[in-house]
Amino acid sequence: MEGFNPYELLGIDEDAAFEEVTAVRDRLLQAAADDPVELERIEAAYDAILRDRLRARIEGKIAVPDRIRYAERSLNDLLGEPTTDFQPLPSPSWLANFWERPRWGDVLTTVLVYSGLGVVGYLVPANISLSLSLGLIAGFYLLHRKANRFGRTLLWLAVALAVGIGMGYSLTQVGGALQVNLLLAILFCLWLVTTFCR
């Protein structure tokens with residue numbers, strides 16, 4: 001692309017702050033929403049600016065403030081040095097998208113809901129299907145409220161249901177009524193999924 005100047009295309013100076021570049025790109029994308037060719041040109045210019053700035057940063061031409069480069073150092077300055085040599089391993093980034101550490105209020109809510117449904121199903125075997133239905137509805141509500149993703153919510157419920165069915169059949173081999181074992185195992189898996197997954 002001979003003569004392609006991404007800064008001219010976006011109408012900004014070469015020393016413009018990154019926030020300004022992003023704001024200009026967003027404004028231009030909104031203005032050109034109906035023109036796919038112009039949208040592609042704007043995105044190409046923005047990508048070229050990002051590559052140019054990354055290259056300059058790697059080559060040391062852009063100074064990175066110490067508060068960004070050494071963020072962990074400033075955190076240790078605020079909190080003091082760790083008192084123990086044990087450093088927990090960070091969880092993988094892909095796991096952070098599926099798992100979360102619940103708040104105590106959420107744990108208590110899910111424990112009360114699923115234990116209540118389990119007690120009703122256990123004490124009144126005629127209500128097992130009602131308890132299971134209410135458990136699935138509660139699971140859908142609690143999961144969808146957390147992540148607001150319909151497909152992921154259905155997938156987690158299907159996983160909980162499949163694992164619960166497997167656990168219920170396994171418990172029946174040890175002893176107990178099949179329907180009650182299935183109900184309790186499914187409710188337990190629903191509790192795990194709605195409490196710890198997103």
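The values are calculated or read from the model by the stated rules, or taken from the named source; none is laboratory data. The model shown is predicted, which means the values in this text are computed figures rather than measured ones. With ideal geometry, Cβ positions are generated from the backbone for all residues, glycine too; neighbour counts draw on all protein chains shown.
Taking residue 172 as the residue in question, decide whether it is surrounded by 15 or more Cβ atoms within 10 Å (Cβ to Cβ) and under 20 Å from residue 103 (Cβ atoms). No: the conditions fail for residue 172. Among the residues of the range 96-115 satisfying the criterion of being part of a helix (DSSP H, G or I) and under 19 Å from residue 161 (Cβ atoms), which is farthest from the chain's Cα centre (by Cα)? The extreme case among them is 115. Just to be sure before I move on: is residue 173 out of contact with any His (no Cβ under 6 Å at 6 or more places or on another chain), assigned by TED's automatic domain parsing to the domain that holds residue 118 and touching a residue at least 40 places away in the same chain (Cβ under 8 Å) in the structure I sent? For residue 173, the condition - out of contact with any His (no Cβ under 6 Å at 6 or more places or on another chain), assigned by TED's automatic domain parsing to the domain that holds residue 118 and touching a residue at least 40 places away in the same chain (Cβ under 8 Å) - is not met.
Of everything in the range 34-44 that is over 30 Å from the mean Cα position of the chain (by Cα) and part of a helix (DSSP H, G or I), the residue that is nearest to residue 22 (Cα to Cα) is 41.
The listed residues are 99, 104, and the only one of them that is in contact (Cβ under 8 Å) with a residue 60 or more places away in the chain and surrounded by fewer than 19 Cβ atoms within 10 Å (Cβ to Cβ) turns out to be 99.
Sort out which residues of the range 154-180 are modelled with pLDDT under 85 and touching a helix residue (DSSP H, G or I) at 6+ places or on another chain (Cβ under 8 Å), and write them in order of number. Within the range 154-180, 171, 172, 177, 178, 179, 180 meet the criteria.
Exactly one residue out of 51, 27, 41 is surrounded by 14 or more Cβ atoms within 10 Å (Cβ to Cβ), basic (Lys, Arg) and at pLDDT 85 or above: that is 41.
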